[in-house]
Amino acid sequence: MNIFRLAGDMTHLLSIIVLLLKIQATKSCAGVSLKTQELYAVVFVTRYLDLFYSFISLYNTVMKIIFLLTAFTIIWYMRKHKVVCQTYDKEQDTFRVLFLIVPCFVLALLVNHEMSVTEVLWTFSIYLEAVAILPQLVLLQRTKNVDNLTGNYIFMLGSYRALYLVNWVYRYFTELGYRQWIVWVSGTVQTCVYLDFFYYYVQAWRNNERMKLPG
Amino acid sequence: LIGGRKKDEL
């Protein structure tokens, strides 16, 4: 495990923890897209099916379980917590997730390493993760205003993706025969999805003001 | 497996 990969994982973990703490502390999930959170739950469930039949390391297993548990905890807060669920912007969070799920699944059936149930579902999770943030970005565009914590959450998720890109370059040059085209292409697409958001985030940070997205 | 290697990334 190299430093970029570890930093990427930690940034990913931190982004989720920050979101969860924000929801717990403020008893509010205003500005958070439940659709995106549910897509991440689908991503984790379909990708980490290998928990049942493959062991890589204790680190790997623990992180997978944390990602699964935190994803479902956030969803539970947004759907079931009697105070938090009332702050959910249901009318604004209207992204049609099937427009993401169906194409990703079809693509996973067409482009994969092996035509088996677990392999297709794993590939599907890779494709879906690349676009899972879109409902959140659309919700931000609609509400036109990004509070600091929601902004930080997306910024950290973007940083995690960027660190993974560096990790892949590092591994390509240090590990013989290391290549994974499906992961690389989707990861690059995913990082690009964040670039537009990064531009406005950095601009707001430089001007030292609350972040506002263009109409 | 990714092309014969274990999926060690998260």
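Where a number appears in this text, it was derived from the coordinates with a stated rule and is not lab data. The structure presented is a predicted model; accordingly, all values stated were derived computationally and were not measured. Cβ: placed from backbone, ideal geometry, glycine included. Neighbour counts: every protein chain shown.
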State the dimensionless ratio Rg/Rh of region A:95-215 (Rg: radius of gyration of Cα atoms; Rh: Kirkwood radius). 1.04
The answer for A:Val146, listing residues at least 5 apart or on another chain whose modeled amide H is closer than 5 Å to its amide H, is A:Met211, A:Leu213
Cα-Cα over 22 Å, subset of A:Lys35/B:Lys7; A:Lys22/A:Lys82; A:Lys64/A:Lys144: A:Lys35/B:Lys7; A:Lys64/A:Lys144
Within region A:50-69, the residues whose backbone N lies under 14 Å from a label point placed 7 Å from the Cα of A:Glu175 along the Cα-to-Cβ direction are A:56-57, A:60
Report the net charge of residues surrounding A:Lys27, where surrounding means a beta-carbon distance below 14 angstrom and charges are Lys +1, Arg +1, Asp -1, Glu -1. +3
Selection from A:Pro214, A:Gly187, A:Ala30, by position along the positive dipole direction of the protein assembly as shown (Cβ): A:Ala30
Cα-only Debye scattering, chain A: base-10 log of I(q)/I(0) at q = 0.09, 0.15 Å⁻¹: -0.36, -1.05
GNM result for chain A, Cα springs below 10 Å: residue of A:Thr36, A:Thr118, A:Thr191 fluctuating most strongly: A:Thr118
From the residues A:Val102, A:Thr11, A:Val83, which one has its Cα farthest along the dipole of the protein assembly as shown in the positive direction, the dipole being from +1 and -1 charges on Cβ of Lys/Arg and Asp/Glu about the Cα centre? A:Val83
Count the net charge of all other residues whose Cβ sits under 14 Å from the Cβ of A:Glu91, scoring Lys and Arg as +1 and Asp and Glu as -1. +1
